[in-house]
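The values are calculated or read from the model by the stated rules, or taken from the named source; none is laboratory data. Because the structure is a prediction, the values reported are computed rather than measured. As a convention, Cβ positions derive from the backbone with ideal geometry for all residues, glycine included, and neighbour counts pool all protein chains shown. SASA here: full protein model, heavy atoms, side chains in, ligands and nucleic acids out. Shrake-Rupley method; radii C 1.70, N 1.55, O 1.52, S 1.80 Å.
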Amino acid sequence: MVDLHSQYLHVKHLIDSALQSVIDTSSFINGDEVTVFKTKLQNFTGAKHVIPCANGTDALQIALMALELHPGDEVIIPAFTYVATAEVIALLKLTPVVVDVCSDTYNLNPDLLEAAISAKTKAIMPVHLFGQSADMEPIMEIARKYNLFVIEDNAQSIGAVYTFSDGSKKQTGTMGHIGCTSFFPSKNLGCYGDGGAIFTNDDQLGSKIQMIANHGQNKKYYHKYIGVNSRLDTLQAAILNVKIDKLNEYNIAREQAAGKYDNAFAGIAGLKIPRRRTNSTHVFHQYTLQIADNKREDLMNYLAEKGVPSMIYYPLPVHEQEAFKSVTRISGSVDNAEKLCKSVLSLPMHTELTPDIEDYIIESVKSFF
Ligand SMILES: *Cc1c(COP(=O)(O)O)cnc(C)c1O
């Protein structure tokens, strides 16, 4: 599905020397590379404050912790997402409320938000799934109207740009009160282990999040909040400093591969290509098709025989996961999420797809249909 080794070989000289220099200084925690990365990420995203942390799940948890919510408060999320989005909510004894997604973009449907809001609703967590921005303008309007926080789960879409109706543009992760991302190796900006970051343009939230990620302190051994220990290793920051300079190039490579898939698959009956919104760029963390008529498993097996990997992201919606059944509130119909879980199939998508590989994957899919 991804080829991290080939990607490494292209930047080997830069990565190797960056790692060696961290080892030479032995400044493994909060070394200079972490500060450098913070600044690079601020410049890249346009976020005022960037707080690096240990992984994307921590980023989401710390973001929620900064909002001082109370047990039983509700947080609205899309029913179709990676479990981490719901997990941190439930872990803090808050209630995840799932709403349906759009059947073609896979992202939260803003038209269903108002009906999901109750007296307990405190926040909305849109997920920019598979590389494309959720429709943030209506989401922010509803959040303002009901005085709700918005935390963006931007683990899959770093570098995607959303255009508002007045023509202004913002990167995903910088439109809500807080944005969160992950540097898991296979993410669009991935390190060689775990890593994450939190974004905010709010000074108060910024300093609070910084403290929560560091045991709730800003002065050593004086703890203002109950926090966590969540840091980005210096070695991981050194790797990210090399890779962030290539991120635009990497995202373009993904977009081009997706364009080739789109062209090849657009006319095939029984298969639906992902829709691109006109008000968001798409950085294709995943290239995700919908397979009609319960043929998904047959196609997966057929592709596997030809040596083409494929994956189901995700086989169950949040509210059907065993751990979340009893703690989730379902708002309205979540039909699209349930149908997508039965029909989606993601094809290999990464920065090292060559024309030969792409052609082979395309021919393999076409020959099945
Ligand atoms: C990867 C991912 C996360 C979690 O990131 P980790 O770094 O693996 O903890 C959260 N949300 C979404 C949508 C993700 O894809």
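See the values below:
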{"item": "Some residue of the stretch 258-266 being within 16 Å of the ligand (Cβ to nearest atom), under 22 Å from the mean Cα position of the chain (by Cα), open to solvent by less than 10 Å² (accessible area, probe 1.4 Å) and modelled with pLDDT of 95 or more", "result": "no"}
{"item": "Single match in Gly206, Gly179, Gly173 (criterion: away from the ligand (no atom under 13 Å from the Cβ), not assigned by TED's automatic domain parsing to the domain that holds His285 and not hydrophobic (A, V, I, L, M, F, W, C))", "result": "Gly206"}
{"item": "Residue check for Pro78: within 14 Å of the ligand (Cβ to nearest atom), under 26 Å from Ser133 (Cα atoms) and over 15 Å from the mean Cα position of the chain (by Cα)", "result": "no"}
{"item": "Filter result (assigned to a loop (DSSP other than H, G, I, E, B) and either within 12 Å of the ligand (Cβ to nearest atom) or open to solvent by 40 Å² or more (accessible area, probe 1.4 Å) (or both)) within the stretch 59-73", "result": "Glu68, His70, Pro71"}
{"item": "Hey, Val83 open to solvent by less than 10 Å² (accessible area, probe 1.4 Å), assigned by TED's automatic domain parsing to the domain that holds Ile158 and either modelled with pLDDT of 95 or more or over 20 Å from the mean Cα position of the chain (by Cα) (or both) or not", "result": "no"}
{"item": "Some residue of the stretch 132-150 being of a type in the set (Lys, Arg), away from the ligand (no atom under 16 Å from the Cβ) and either closer than 28 Å to Asn248 by Cα or in a loop (DSSP other than H, G, I, E, B) (or both)", "result": "no"}
{"item": "Residues satisfying the stated conditions in the stretch 311-366, i.e. under 23 Å from Lys295 (Cα atoms) and without any contact (Cβ under 8 Å) to a residue 12 or more places away in the chain", "result": "Asp359, Glu363"}
{"item": "Among residues of the stretch 83-108, those that are of a type outside the set (A, V, I, L, M), within 20 Å of Cys180 (Cα to Cα) and within 16 Å of the ligand (Cβ to nearest atom), counted", "result": "5"}
{"item": "The stretch 155-213: number of residues that are among the aromatic types (Phe, Trp, Tyr) and either open to solvent by less than 10 Å² (accessible area, probe 1.4 Å) or within 22 Å of Ile139 (Cβ to Cβ) (or both)", "result": "4"}
{"item": "Residues of the stretch 11-39 satisfying the condition of being away from the ligand (no atom under 16 Å from the Cβ), in a helix (DSSP H, G or I) and open to solvent by less than 60 Å² (accessible area, probe 1.4 Å)", "result": "Ile15, Asp16, Ala18, Leu19, Ser21, Val22, Glu33, Val34, Lys38"}
{"item": "All helices (runs of 4 or more DSSP H) inside the stretch 158-268 with 1 or more residues being out of contact with any strand residue (DSSP E or B) (no Cβ under 8 Å at 6 or more places or on another chain) and without any contact (Cβ under 8 Å) to a residue 12 or more places away in the chain", "result": "203-212, 247-265"}
{"item": "The listed residue being over 22 Å from the mean Cα position of the chain (by Cα), assigned by TED's automatic domain parsing to the domain that holds Tyr146 and under 24 Å from Tyr250 (Cβ atoms), out of Glu68, Glu33, Glu114", "result": "Glu33"}
{"item": "Residue match in the stretch 288-309 (condition: in contact with a Cys (Cβ under 8 Å, 6 or more places away or on another chain), not assigned by TED's automatic domain parsing to the domain that holds Thr121 and not in a loop (DSSP other than H, G, I, E, B))", "result": "no"}
{"item": "Subset of the stretch 40-58 [surrounded by 12 or more Cβ atoms within 10 Å (Cβ to Cβ) and assigned to a helix (DSSP H, G or I)]", "result": "Lys40, Leu41, Gln42, Phe44, Thr45, Gly56, Thr57, Asp58"}
{"item": "Residues that are touching a helix residue (DSSP H, G or I) at 6+ places or on another chain (Cβ under 7 Å), hydrophobic (A, V, I, L, M, F, W, C) and within 13 Å of the ligand (Cβ to nearest atom), drawn from the stretch 114-131", "result": "Met125, Val127"}
{"item": "Single unsatisfied condition, Asp111 versus (1) farther than 15 Å from Phe199 by Cβ; (2) open to solvent by less than 10 Å² (accessible area, probe 1.4 Å); (3) more than 16 Å from the ligand (Cβ to nearest atom)", "result": "(2)"}
{"item": "All positions within the stretch 328-353 that are open to solvent by less than 60 Å² (accessible area, probe 1.4 Å) and part of a loop (DSSP other than H, G, I, E, B)", "result": "Thr328, Ser331, Val334, Pro348, Met349, His350, Thr351, Glu352, Leu353"}
{"item": "Residue check for Lys187: modelled with pLDDT of 95 or more, away from the ligand (no atom under 16 Å from the Cβ) and among the charged types (D, E, K, R)", "result": "no"}
